[in-house]
Ligand SMILES: Nc1ncnc2c1ncn2[C@@H]1O[C@H](COP(=O)(O)OP(=O)(O)O)[C@@H](O)[C@H]1O
Ligand SMILES: [Mg+2]
């Protein structure tokens, strides 16, 4: 039981990180960035290459990979979103252009790293185990949760206390009003994409370390779960995404333990579907998002 | 001459069949797009149709035409209780809710032992003929063409352009949206029934998120403003991998990545430069020409 | 004569703001009824409440002897109410004529089977609908612009297409929300005449308008709204001289 909770929190912290980035862009632009999962995957590969090929320490490789993911976010914004911003159907066309970018990213990964599963070299993270209130916790799991928590704190500070964060929030509230107030809207949106993709990249590196299995299609497994998490948390709500990420992680671990692994996703998606039909603003969402 | 044609036909029979099947799937997404709704449950509907038809021919020994009717009817019936609550949700939320529905169907099949779970059903008798597929495509196009310009066609366009305004004109928008969802489910189910009896097998993973994304991409790349646009998109994107397989050795990229890369770039180019899809290309070229002529005569 | 439309103590709140606050008035058949008031008085909200786009938080709205509050817009429309929008809401990618064809939705009863089978009866029905639409566009002075996309029409032209689209359902009650905003004087004059003729044919008009001349010229009765409440009602002359009305307009200059 205690072990399940630990495993659930650990998985949940990765989902939360992933969804946090997803929901940030949604909150700002009302657009789903379907390339988020591809950024997640590419960052994981980049970290792997830095560790495996260039023999960097993981604690150095990870920030570099996260930075790389952030720049991918800037690229995405420039190529796939900014040109469409004026269009009436920008939330459908943005969905498709981001999908196109995801496809390109996946093609690049396939060409560079091949279709097979790659793994971090043995000993990238020390394999010591600790005993925590009766549950076995590996040093890796602890590191992952610690990194996730650190990133939540940094992000909260960034959004709440910095000028850039205030500008991003102003744009999320109303791009027009923000422009009148003198906010450089393009810059704020680009910043949101940078942060969003960096978080997605961090989630990817941690996911790669946690399961030690990296492949060009690894994003697929979190893509729809990320959607489930941001719906559950209320689209655009960052605390909601974190809570919902942990909720999903715990649910998955418990369903796997008591019903079997094959039911894990079925339960999650039935939940997602029911929530959308019964309570579209999400379990933790405050603002009603259904158009009047 | 005839022998060569027969050879060509034998080699590409499967591709030709899939152009038709994918056209039906693309049209199934188009039906809801035509009234402005992004509903993405069609992989689920297609799975329901495929499984229903396969079980009926294999377990109940129904004749194939009846099984195909069931592949149309069962998802259409399922779409009604799904649509009534779900169509109240708008925009991207509708898309996500329907994606959720599709995943629930897929995962339900994975966990259903009677149909072999993730392995799926195999050794389905091959009963689908090319003419059946293309007859269905033609029938679907005919119905959509007849709707266009009719009272109902205008109501759908009005809903797409401004739903609240359409409601004040006396258009019962929910009924129209539901009708289009049901029609889309029927087409998706039909495609599923054909596919199951063409490829000998069905498995849940053939009906995942990726599949419905493909359908949407066919419709948008071809052009979702006009009923035959999705067919153009489906034909082009189904043929593309075949062409790329021939081209891959020449450019020195593996066929797998090359296919993905070109797919992605084509999609990006269409969405950025041809918002109304490939079918608007001739008009766009004419516009570019006219602009160039105007610029030259001004100079 | 019993009124065609009657609002009784109608209230609509948005959060804390009571946009309409216990308003009541009645529109008689065949009359042009003006609804005026300073900006933010709640006029558009009243139109939205009548047409069913909003539901009142309290009070009742009757059309003939039927309560219509809480009905969805398409049912209200089916009972004979049509409207235009203050911020024009044409279908931008449809032609002027096709916009008016959409407006005929309730009047048309073609058979789906006939359409699918391309029977002559379907073709006749469609030709008649197109001819009616073109006649309506001619009536609002747009016979030259029938095939133009709505998005390419001038502001004044778009407003006139909206009026034609609303008339296309042959409504008992026509709701016009600032139909002449942005029009030149010649266009305004044409709209005034059109409104008088519509009323003369027995249809009622509820007219929200800022152009005082127009309101005085065409309205039989005027209701003045201020902060969601009715502050005056009566014939144009009496309302214009009402001190409460003058104070409302002077105290809240536009
Ligand atoms: N959908 C809405 N949400 C919140 N407030 C609204 C909404 N519609 C109108 N209001 C408010 O109600 C009041 C009346 O608005 P409106 O009916 O548009 O006035 P008018 O048409 O007389 O200028 C205004 O204070 C406006 O801000
Ligand atoms: Mg108004």
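Please treat every number below as a calculation from the coordinates, not as lab data. Computed from a predicted structure; not experimentally measured. We place every Cβ from the backbone using ideal geometry, glycine too, and count neighbours over all the protein chains shown.
Couple of notes before you dig in:
- Packing-based ranking of C:118-125, A:96-103 yields A:96-103, C:118-125, ordered from highest to lowest mean Cβ neighbour count within 10 Å.
- GNM top mover of A:197, A:90, A:44 - chain A, alpha-carbon springs below 10 Å: A:90
- Shape class of the range A:218-263 from the alpha-carbon gyration tensor: oblate, with a/c at 1.5 or above and b/c at least as large as a/b.
- Cα shape, the range B:191-289, gyration tensor, a/c 1.5 rule: oblate
- Sequence of C:155, C:249 once ranked by neighbouring C-beta atoms within 10 Å, starting from the fewest: C:155, C:249
- Neighbouring Cβ atoms from other chains, within 10 Å of the Cβ of residues in C:113-121, number 2 on average.
- Highest-MSF residue in chain C out of C:92, C:110, C:56 [GNM, Cα springs under 10 Å]: C:110
- Helical runs assigned H by DSSP (4 residues or longer) give chain A a calculated mean residue ellipticity at 222 nm of -24000 deg cm²/dmol, each run adding -39500 (n - 2.57) before division by the residue total.
- Using a cutoff of 8 angstrom between alpha carbon atoms and counting only pairs six or more residues apart, the relative contact order for the range A:103-200 works out to 13 percent.
- With R₀ fixed at 25 Å, the C-beta to C-beta distance from residue C:118 to residue C:152 puts the FRET efficiency at about 0.20.
- Neighbour-count ranking [beta-carbon atoms within 10 angstrom, fewest first] of B:244, C:49: B:244, C:49
- Take the Cβ atoms of residue C:57 and residue A:56, set R0 to 51 Å, and the FRET efficiency comes out at 0.20.
- Across chain B, C-alpha contacts under 8 Å between residues 6 or more apart give a mean separation that, scaled by the residue count, equals a relative contact order of 31 percent.
- Tail beyond 17 Å, pair distance distribution of the range A:53-113 (Cα, percent): 54 percent
- Cα centroid separation, the range C:151-173 to the range C:202-223 (Å): 17 Å
- Protection proxy ranking of A:148-154, A:207-213, B:54-60, B:2-8, by the mean of other Cβ atoms within 10 Å over each peptide's residues and highest first, is A:207-213, B:54-60, A:148-154, B:2-8.
- Between the Cα long axis of helix C:155-167 and the first principal axis of chain C there is an angle of about 80°, rounded to the nearest 10.
- Take the convex hull of the alpha carbons in the range C:89-170; its mean projected area over all directions comes to 5.2 nm².
- Computed over chain C, the per-residue total of -39500 (n - 2.57) for DSSP H runs of n ≥ 4 gives a 222 nm mean residue ellipticity of -11500 deg cm²/dmol, rounded to 500.
- The long axis of helix C:185-200 is offset from the longest Cα principal axis of chain C by roughly 80 degrees.
- Our helix-only sum for chain B, with -39,500 (n - 2.57) per DSSP H run of n ≥ 4 divided by its residues, gives a mean residue ellipticity at 222 nm of -26000 deg cm²/dmol.
- Each residue in A:57, C:149, C:105, A:36 was given a count of other beta-carbon atoms within 10 angstrom of its own, and listing them fewest first yields A:57, C:149, C:105, A:36.
- Of all DSSP bridge pairs formed entirely within the protein assembly as shown, close to 65 percent run antiparallel.
- For C:53-59, mean number of other protein chain Cβ atoms within 10 Å: 1
- Label separation (residue A:142 vs residue B:62): 6.1 nm, computed from points 7 Å beyond Cα along the C-beta direction.
- Prolate/oblate/rounded call for the range B:2-298, Cα gyration tensor, a/c under 1.5 rounded: oblate
- Average other protein chain Cβ within 10 Å of Cβ, residues B:147-153: 6
- Between helix A:2-29 and chain A there is an angle of about 20 degrees, using the helix long axis and the longest principal axis of the Cα atoms.
- Most mobile of A:19, A:37, A:172 in a GNM of chain A (Cα contacts under 10 Å): A:172
- Once both labels are positioned 7 Å from their Cα atoms along Cα-to-Cβ, the gap between residue B:242 and residue A:179 label points is 4.8 nm.
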